[in-house]
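The values are calculated or read from the model by the stated rules, or taken from the named source; none is laboratory data. Just so it is clear, the model here is predicted, and its values are computed rather than measured. As a convention, Cβ positions derive from the backbone with ideal geometry for all residues, glycine included, and neighbour counts pool all protein chains shown.
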């Protein structure tokens, strides 16, 4: 199912205008409930939400492996994740200055009150786990040819079906050996979470994977990649200086501005075979 809306709009071009039908992506709020933590609120393209939930938990350091998840239940755009770690609400509530009430043995105490708070959103704004106290350097020996980088971005855009119809989403793909997982979302973070989650379900070795995606590369994106152990990230967009700093600290290969037949390697260039 494609969540696309058709609208009658007026298009102006070269001094003339006409009425046309235009596609736009349907974005909806998604609430992610993890153990006893407050809900997280995201604007998403509401597809592949289970993959998103798994990838989010991995990227935020809430789980170490897919096996840490006991169950995932999706009710529309509400996702309930139960882990073996039983995260305590004080992890979030103390940092956010929120007092949570408890009602008996209710799994999500005072959910209505928490929904008024609107959730803890890690998208774009960083989030409470957006800083790493320590960064372990990635020691993966994965290498990629320069020509493959160009091919990967072309594959990304050629297969971004929702983006082609609406230009309203980001797209991410994760490559592991000869296998590729591709997902789209209105959020660049969620798109990356989705491919990480899908790869985790398949048991992929993240040290042998790399991600190509459409979007900037600031620190919060690199932290996500470092946490799961992916050694290479590629984008057709620009990095931020915070992303370069984190990539250097974590020995992550960051490649940006992949356009036509060129790209820029910002960090850890030893993983790129630059010769033809």
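Values computed for the structure shown
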{"read-out": "Residue check for residue 85: in the same structural domain as residue 34 (by TED's automatic domain parsing), modelled with pLDDT of 90 or more, within 11 Å of residue 34 (Cα to Cα) and out of contact with any strand residue (DSSP E or B) (no Cβ under 6 Å at 6 or more places or on another chain)", "value": "yes"}
{"read-out": "Residue ID - farthest from residue 267 (Cα to Cα), chosen from residues in the range 128-140 that are at pLDDT 95 or above and surrounded by 15 or more Cβ atoms within 10 Å (Cβ to Cβ)", "value": "140"}
{"read-out": "Some residue of the range 196-212 being modelled with pLDDT under 95 and touching a helix residue (DSSP H, G or I) at 6+ places or on another chain (Cβ under 9 Å)", "value": "no"}
{"read-out": "Residue satisfying condition, being surrounded by fewer than 22 Cβ atoms within 10 Å (Cβ to Cβ), touching a strand residue (DSSP E or B) at 6+ places or on another chain (Cβ under 6 Å) and outside the structural domain of residue 57 (by TED's automatic domain parsing), within set 243, 229, 215", "value": "215"}
{"read-out": "Test for residue 80: is it at pLDDT 95 or above and under 24 Å from residue 162 (Cα atoms)", "value": "no"}
{"read-out": "Total residues in the range 141-176, condition part of a loop (DSSP other than H, G, I, E, B) and modelled with pLDDT of 95 or more", "value": "6"}
{"read-out": "Lone unmet requirement of (1) out of contact with any strand residue (DSSP E or B) (no Cβ under 6 Å at 6 or more places or on another chain); (2) over 25 Å from residue 219 (Cβ atoms); (3) buried (at least 21 other Cβ atoms within 10 Å of the Cβ) for residue 58", "value": "(2)"}
{"read-out": "The range 191-212, residues that are surrounded by 24 or more Cβ atoms within 10 Å (Cβ to Cβ) and part of a helix (DSSP H, G or I)", "value": "191, 192, 193, 194, 195, 196, 197, 199"}
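Per-residue answers, yes or no, for (1) without any contact (Cβ under 8 Å) to a residue 60 or more places away in the chain; (2) within 21 Å of the chain's Cα centre (by Cα); (3) surrounded by fewer than 22 Cβ atoms within 10 Å (Cβ to Cβ):
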| position | (1), (2), (3) |
| --- | --- |
| 148 | yes, no, yes |
| 159 | yes, yes, yes |
| 163 | yes, yes, yes |
| 168 | no, yes, yes |
| 175 | yes, yes, no |
| 181 | yes, yes, no |
| 189 | no, yes, no |
